[in-house]
Amino acid sequence: MRILLTLAVAVFTFASCQKTMDPQVDPMPVDSSFQTNGCRIIRMETDTFNTYHDFRYDDLGRIKYVASHNDYSGADTLFLFYEGNSFKLLKSVRASGNEFFGPLIYKYDDKNRLIEMADFLTITRINYINNLVDSTFILGPGALEEEANGTWVGYAHRYFYNDNKSAIFTSTYDGPNGVYMEYTSHKNHLKHLAYINHDYRLQMNDLFPDGIYGYVDDYLLLKHEGRSFNETPSGPEVDYGTRHDYEYEFDAKGNLSVSRTTIHDGEVFWKTITRKYFYECK
């Protein structure tokens, strides 16, 4: 999936006491990074990959940078830049050793919704209908040339919703083939981490497989499964692709403390990814 190949932009969607944000209406909210219980994340550890990410904040409570380390690529640091004293992200830059990647530039419409993120290689565009993310386009160098001469058509993903405006299905085509999602009843207090950077994924693609495209549900995922439908003489048959099943643990304050993602390819078990989350509280 393109989700696993392309990384996402930082968005902070913890609600403050003064203002409640709708992630579908305003996917780039301007609230404090503290949850309503007065806690904010300071570290995420992924035991499966021997990886950790440390979050550092400025005096306004905005994530200033994210420092990470893993056994494969070493240490990285993501720096975030905002508009004035607001929480509106303007650009991000990733540093790996003495190399710098980016900047990634973010653009918004007149409703303050994220509509584009672009670096020197690709542009990701997010389209809305009735304040819901409808479709997304990811344009690389070849696609940008085709778009310029009017020959490029298509989209990266389209979204389909239930009556509660939760995305239950995302497809790369107009047919029923795509990824189907189910949710738990637990409120999603980590959705601000779904978008960290186009070049720097934080391995959140499992918890937030559709974060890159501008949609993050209010609730945590229970299942995320690829399905394709084949017509046969006896009717349609379903091919089940990669499936992610999720389990969660919470601390006494209601913070997500442990998540486990079990991955199957069809019915064949692949692996379980375990993450631990650490917080500081007021």
Inset, instruction - Could you grab the pairs with beta carbons closer than 7 Å, sequence gap of 6+ or different chains, first residue in segment 39-68 and of a type in the set (Phe, Trp, Tyr), second one in a helix (DSSP H, G or I) and at pLDDT 90 or above? - result: none
Legend entry - Conditions (1) closer than 19 Å to Ser171 by Cα; (2) part of a strand (DSSP E or B); (3) open to solvent by 70 Å² or more (accessible area, probe 1.4 Å): number failed by Lys91: (1)
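Given the criteria of a type in the set (A, V, I, L, M, F, W, C) and part of a loop (DSSP other than H, G, I, E, B), does Phe120 qualify? Full working, then the answer.
Values: of a type in the set (A, V, I, L, M, F, W, C): yes; part of a loop (DSSP other than H, G, I, E, B): yes.
When the stated conditions are applied, Phe120 passes them.
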Legend entry - Single residue of segment 60-85 satisfying the filter (at pLDDT below 85, open to solvent by 40 Å² or more (accessible area, probe 1.4 Å) and out of contact with any Phe, Trp or Tyr (no Cβ under 7 Å at 6 or more places or on another chain)) that is nearest to Phe100 (Cα to Cα): Ala75
Legend entry - Filtered residues of segment 94-114 (kept if surrounded by 19 or more Cβ atoms within 10 Å (Cβ to Cβ) and of a type in the set (A, V, I, L, M)): Leu104, Leu114
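If you take the residues in segment 96-129 that are of a type in the set (Gly, Ala, Ser) and over 20 Å from the mean Cα position of the chain (by Cα), which one is farthest from Ala148 (Cα to Cα)?
That would be Gly97.
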Inset, instruction - Could you run through segment 132-146 and say how many residues are within 21 Å of Gly178 (Cβ to Cβ), of a type in the set (Gly, Ala, Ser) and without any contact (Cβ under 8 Å) to a residue 24 or more places away in the chain? - result: 1
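Look through segment 147-160, keep the residues that are under 30 Å from Leu80 (Cβ atoms) and free of Cβ contacts under 8 Å to residues at least 60 places away in the same chain, and return whichever of them is least open to solvent (accessible area, probe 1.4 Å).
Tyr159
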Inset, instruction - State whether the residues of segment 105-114 include one that is outside any helix (DSSP H, G or I) and more than 21 Å from His192 (Cα to Cα). - result: yes
Legend entry - Positions within segment 161-178 being on the phi > 0 side of the Ramachandran plot and without any contact (Cβ under 8 Å) to a residue 60 or more places away in the chain, in sequence order: Gly178
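For segment 142-202, which fully contained strands (runs of 3 or more DSSP E) count at least 2 residues that are at pLDDT 75 or above and under 30 Å from Asp47 (Cβ atoms)?
Working: elements: 157-161, 167-171, 178-187.
Filter on segment 142-202 gives 167-171, 178-187.
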Legend entry - Qualifying residues in segment 260-282 (those that are of a type outside the set (D, E, K, R) and closer than 18 Å to Cys39 by Cα) - the one most open to solvent (accessible area, probe 1.4 Å): Phe278
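The values are calculated or read from the model by the stated rules, or taken from the named source; none is laboratory data. Small disclaimer: the values here were computed from a predicted structure and weren't measured. Ideal geometry is used to build each Cβ from the backbone, glycine not excepted, and the neighbour counts take in all protein chains shown. Quick note on the areas: whole protein, heavy atoms, side chains included, nothing else; ligands and nucleic acids left out. Shrake-Rupley method; radii C 1.70, N 1.55, O 1.52, S 1.80 Å.
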